[in-house]
Amino acid sequence: LLVIDKPAGIAVHGGSGVDAGVIEMLRAARPEQRFLELVHRIDRDTSGILVLAKRRQALVNLHAQLRERAAGKDYVAIVQGRLPLRSRTVDVPLRRYLTADGERRVTVDPVQGQSAVTRVLGLSRARLDLGEFTRVACRIETGRTHQIRVHLAHLGHPVAGDPKYADFGLNRALARAGHGRMFLHATAMTLRHPASGTTLRLAAPVPPEFDALVPPPPATGGNSA
């Protein structure tokens, strides 16, 4: 395995106007590595855990774990508005489509959409001159394109800085205030090592810009709704 903490703003692979992504960069940096493939994908503007396989057998094994939902993926996000500081499950089917200019988007579609389940937990809040924001933890039980982003937007609380599903005017104001990114981070992933079967929990620290916008909850003590 090769595990990296991907920065926001870098695509995982080339295409759609991107000359090279993580996989192309790593292959160029490691020409001696005969096999190197992405195990999964995260969005260009999302930071955090990204797993690659250095053996085909490992790739097949990890794909099976993802398909069987045996691997857990956890995220931290900051959303617009006042989300309750409690847990909830978003079980809403999603459908991918292309806009008139060929841009990939995802929408809620109870009829033609694919099953998508996200567990959401409100963690802490902050009120700024630009409004109120809530820090949330998310665990996805399915791996649909833009799943967390669309589910949170469906709740009326889009991810701050999201270039596709959030308030574009607020995004610009956030950027002017020094918060110029999409606030979604893949913070942890749990899987079985494809060779030994040992359970691994991979973790990528939450970037400091998240704490600058909405500090995390206290280490002890409870939250109120």
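Estimate the FRET efficiency between residue 172 and residue 10 by the formula 1/(1 + (r/R0)^6), using the beta-carbon distance for r and 25 Å for R0, to the nearest 0.05. Provide the component values of the computation, followed by the final result.
Details: r = 22 Å, r/R0 = 0.88.
Efficiency for this residue pair is about 0.70.
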Binning at 10 angstrom from zero up to the longest distance, how are the C-alpha pair distances of the stretch 1-71 distributed in percent?
20, 51, 28, 1
Evaluate E = 1/(1 + (r/R0)^6) for residue 87 and residue 28, where r is the Cβ-Cβ distance and R0 equals 41 Å; express this FRET efficiency to the nearest 0.05.
0.45
Which whole number in µm²/s is D for the stretch 111-166 by Stokes-Einstein, with the Kirkwood Rh taken over Cα pairs at 20 °C and 1.002 mPa s?
173 µm²/s
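Give the Rg/Rh ratio for the stretch 57-147, taking Rg as the radius of gyration of the Cα atoms and Rh as the Kirkwood radius, to two decimals.
Looking at the stretch 57-147, the ratio lands at 1.06.
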Could you give the nm distance between label points at residue 109 and residue 195, where each point is 7 Å from its Cα heading toward the beta carbon?
4.3 nm
Kindly list the residues of the stretch 59-77 that lie in the label zone of residue 121, defined by a backbone N under 16 Å from the point 7 Å along the Cα-to-C-beta vector.
72-77
Under the rule of -39500 (n - 2.57) per DSSP H run of 4 or more residues, summed and divided by the residues of the chain, what mean residue ellipticity at 222 nm is obtained, to the nearest 500 deg cm²/dmol?
-5500 deg cm²/dmol
Are there GluC sites (Glu not before Pro) in the stretch 92-157 that DSSP marks as loop and that have at most 15 other Cβ atoms within 10 Å, and which are they?
103, 141
Identify which of 122, 131, 156 has the largest mean-square fluctuation in a Gaussian network model of the chain, with springs joining Cα atoms closer than 10 Å.
131
Taking only C-alpha positions in the stretch 1-133, Rg and Dmax in angstrom work out to 18.0, 52
Kirkwood-based Rg/Rh on the Cα set of the stretch 145-214 evaluates to 1.12
For the chain, what is the accessible area per residue in Å², given a 1.4 Å probe and the full set of protein chains?
51 Å²
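Where Lys and Arg each count +1 and Asp and Glu each count -1, what net charge lies around residue 92 among other residues with Cβ under 15 Å from its Cβ?
+3
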Scattering from the C-alpha atoms of the chain alone, worked out with Debye: what is log10 I(q)/I(0) at q = 0.15, 0.16, 0.17 1/Å?
-1.08, -1.21, -1.34
Rounded accessible area of residue 69 (nearest 10 Å², 1.4 Å probe):
130 Å²
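How large is the dipole of the chain about the Cα centre if only Lys and Arg carry +1 and Asp and Glu carry -1, each at its Cβ, rounded to the nearest 20 debye? Don't skip to the end; give the middle numbers.
On the way: 32 positive and 20 negative charges, 106 e Å.
Charge dipole of the chain: 500 debye, to the nearest 20.
The values are calculated or read from the model by the stated rules, or taken from the named source; none is laboratory data. Remember, it's a predicted structure, so these values are computed and weren't measured experimentally. Every residue, glycine among them, receives a Cβ derived from its backbone with ideal geometry; neighbour counts consider all protein chains shown. The protein model used for the area step is the full one, side chains on, heavy atoms only, and it has no ligands, DNA or RNA in it. Shrake-Rupley method; radii C 1.70, N 1.55, O 1.52, S 1.80 Å.
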